[in-house]
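Okay, structure first, notes after.
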Amino acid sequence: MVMKKRTLIRFALTAIATGTLACGFAPAAMADNYPSRPIKFVVGFPPGGSTDLVTRIVAAQMAEELKQPVIVENKPGAGGNIASQLVAGSLPDGYTIYLGTLATHGINPVLQKKLPFNHIKDFTMISQIGYYTNLVLVSPGTPVKTLAEWIAYAKETRRPMNFGSPGTGTSPHLTGEYFKILTGVNLTHVPYKGSGPALTDLAGGQIDVMFDNLPSALGLVKGGKLRALAITSRERISQLPDVPTAIEAGLPDMVVDAWVGMMAPANLPKPIVDTLHNALTKSLDNPQVRAKLEERGVTIKTSQPDEFLAYVKSENEKWAKVVKISGAEAN
């Protein structure tokens with residue numbers, strides 16, 4: 001009840017500010033004219049990270065499909081929660097769109113119990129966009145060549161091994177916690193404000209290991225700045241064919257796919273949902289867009305709104321178990 005009142009208050013304040021209460025909020029009329037002005041895509045992480053890279057590729061093509069500018073706005077902080085709260089409190093008019101992720105909608109809701117929004121009730125699911133694997137990364141100076149060797153090396157080391165992530169609640173954070181459960185390696189989480197600074201410290205030897213998303217780390221691996229010991233997909237990938245899966249390295253349950261999808265504030269009119277869904281589908285069918293995403297390690301996967309909603313709920317169940325067993329906290 002308290003959450004519902006908060007949502008109604010945010011909606012009313014936004015409506016007053018935009019003048020929609022004065023003229024009457026007419027979803028059908030808005031849908032008929034949609035879109036008639038620039039659209040904002042909100043990303044909960046800094047520029048240069050995996051979600052940002054995917055968003056900018058998709059946004060450029062959707063601007064062509066929708067015949068309106070699509071502006072990408074980065075609102076990093078709190079593992080994506082700052083951006084989530086911003087979008088949850090926005091007007092459901094189709095001009096504020098969210099690029100939700102495994103972190104923002106799969107992990108944070110089960111890791112952080114007192115969020116100022118509801119990740120299901122305060123959002124309209126539009127479609128999944130795709131997913132990508134994570135890499136187990138170390139600096140080139142690390143004296144091991146394989147994941148099995150690193151696990152043995154880490155267990156022999158008397159101090160905890162520090163693992164970096166783009167922030168608490170992100171998929172690299174929980175992948176590290178999952179890895180700790182499966183291997184028994186003594187790991188200490190070091191959260192950063194985005195993948196960029198964490199990867200820089202990893203390359204420089206300030207932290208020991210990272211479990212980062214493929215799109216943000218791929219260039220550094222190919223450039224020799226980082227060493228990939230394994231990937232968390234079920235099969236090897238074409239971008240790094242010589243890097244084995246964690247399954248091959250002896251961890252059959254170490255399978256993690258980080259995903260990204262399109263969402264909007266709750267109660268977005270269905271005609272606008274359909275317009276955005278169709279524009280997204282057409283954009284992802286574009287050969288140039290597909291090539292750009294696949295080059296960065298993204299596997300394209302779209303879904304209907306109800307399918308996407310069911311998937312988000314299933315991810316909550318999966319990661320709630322990891323949080324409980326690992327004792328991970330939103331530090």
- Among the residues of the stretch 159-182, write down those that are open to solvent by 10 Å² or more (accessible area, probe 1.4 Å), at pLDDT below 95 and assigned to a strand (DSSP E or B). none
- Among (1) out of contact with any strand residue (DSSP E or B) (no Cβ under 7 Å at 6 or more places or on another chain); (2) under 24 Å from Asn81 (Cβ atoms); (3) at pLDDT 95 or above, the one test that Glu248 misses: (2)
- Could you identify the single residue in Ala103, Ala152 that is of a type in the set (Gly, Ala, Ser), buried (at least 24 other Cβ atoms within 10 Å of the Cβ) and assigned to a helix (DSSP H, G or I)? Ala103
- Item | Failed item in (1) open to solvent by less than 20 Å² (accessible area, probe 1.4 Å); (2) among the hydroxyl-bearing types (Ser, Thr, Tyr); (3) over 19 Å from Ala154 (Cβ atoms); (4) not in a loop (DSSP other than H, G, I, E, B), with Thr200 passing the rest | (1)
- Note on the structure: Of the residues in the stretch 106-129, those that are within 19 Å of Ile300 (Cα to Cα) and buried (at least 24 other Cβ atoms within 10 Å of the Cβ) number 4
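On the given criteria, is Gly205 surrounded by fewer than 21 Cβ atoms within 10 Å (Cβ to Cβ) and within 21 Å of the chain's Cα centre (by Cα)?
Criteria not met by Gly205.
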- Query: Based on what the data block shows, is Asp306 open to solvent by 60 Å² or more (accessible area, probe 1.4 Å), of a type outside the set (Val, Ile, Thr) and at pLDDT 95 or above?
  - Reply: yes
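So that you can scan it fast, the table gives a plain yes or no per residue for (1) in a helix (DSSP H, G or I); (2) at pLDDT below 95:
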| residue | (1), (2) |
| --- | --- |
| Leu99 | no, no |
| Asn108 | yes, yes |
| Phe117 | no, no |
| Lys121 | no, no |
| Tyr132 | no, yes |
| Leu137 | no, no |
| Pro140 | no, yes |
| Pro143 | no, yes |
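Residues are listed down the side, and each one gets a yes or a no for (1) more than 22 Å from Ser90 (Cβ to Cβ); (2) out of contact with any strand residue (DSSP E or B) (no Cβ under 9 Å at 6 or more places or on another chain); (3) open to solvent by less than 50 Å² (accessible area, probe 1.4 Å):
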{"position": "Thr275", "(1), (2), (3)": "no, yes, yes"}
{"position": "Leu284", "(1), (2), (3)": "yes, no, yes"}
{"position": "Val289", "(1), (2), (3)": "yes, no, yes"}
{"position": "Lys301", "(1), (2), (3)": "yes, no, no"}
{"position": "Lys318", "(1), (2), (3)": "yes, yes, no"}
{"position": "Val322", "(1), (2), (3)": "yes, yes, yes"}
{"position": "Ala328", "(1), (2), (3)": "yes, no, yes"}
- Item | Extreme residue, nearest to Ala320 (Cα to Cα), among residues of the stretch 157-210 that are out of contact with any helix residue (DSSP H, G or I) (no Cβ under 9 Å at 6 or more places or on another chain) and among the charged types (D, E, K, R) | Lys193
- Item | Residue selected from the stretch 229-252 under the condition in contact (Cβ under 8 Å) with a residue 60 or more places away in the chain and part of a strand (DSSP E or B), by the criterion nearest to Val43 (Cα to Cα) | Ile231
- Query: Among the residues of the stretch 209-228, is there at least one that is closer than 16 Å to Gly167 by Cα, in a loop (DSSP other than H, G, I, E, B) and among the charged types (D, E, K, R)?
  - Reply: no
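The values are calculated or read from the model by the stated rules, or taken from the named source; none is laboratory data. None of the values given here were measured: they were computed from a predicted structure. Using ideal geometry, Cβ is built from the backbone for each residue, glycine included, and neighbour counts are taken over all protein chains shown. Heads up: the accessible areas ignore ligands, DNA and RNA and are worked out on the full protein's heavy atoms, side chains in. Shrake-Rupley method; radii C 1.70, N 1.55, O 1.52, S 1.80 Å.
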